[in-house]
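These notes are about the structure you will find just below.
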């Protein structure tokens, strides 16, 4: 005898398999939508961190243009490290001491705060670290960027 249709059991199995696929796709979309704000915040924090590094590089470059010592205003000769905030406004940027709790200074009207640390890492090398802190959904997050600045304008004369 030849069957010409699906039995009830076959239909239920097909519908179950289809529902598993649809629910999996729905769970994936829901998860993606819930992590999107965190990804956006992480991206913004990375940009703010890089902006802090760029401000310190600008300070070093301005020192050379003004014929000052390359690390003038970054570290005093007796200092091994310094932590400060960089606030950027329409007129450039200002470095200020950090708050007592070392949480960084708020960046404009955003939820991000930034802290810059400069450490002497040899005579002609400075280690610059910029940390950005923020909260998303009640959880603390942090992004850190590190670079090294060199006194590349120092003339090099090999000893004879």
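What follows is calculated from the coordinates using simple rules that are stated; it is not laboratory data. It should be emphasised that the depicted structure is a prediction, and the values quoted were computed from it without experimental measurement. Because the Cβ atoms are built from the backbone with ideal geometry, glycine has one as well, and the counts that use them run over all protein chains shown.
Odds and ends about this structure:
- Separation of the residue 17 and residue 83 label points, Cα + 7 Å toward Cβ, nm: 6.0 nm
- Difference of contour (0.36 nm per residue) and Cα-Cα distance, residue 38 to residue 141: 36.1 nm
- Its relative contact order, with pairs defined as Cα atoms under 8 Å and 6+ residues apart, puts region 38-150 at 26 percent.
- Sites residue 28 and residue 64 - FRET efficiency at Förster radius 45 Å, r taken between beta-carbons, to 0.05: 0.30
- Rh by Kirkwood over Cα pairs, then Stokes-Einstein D for the chain at 0.890 mPa s and 25 °C, µm²/s: 124 µm²/s
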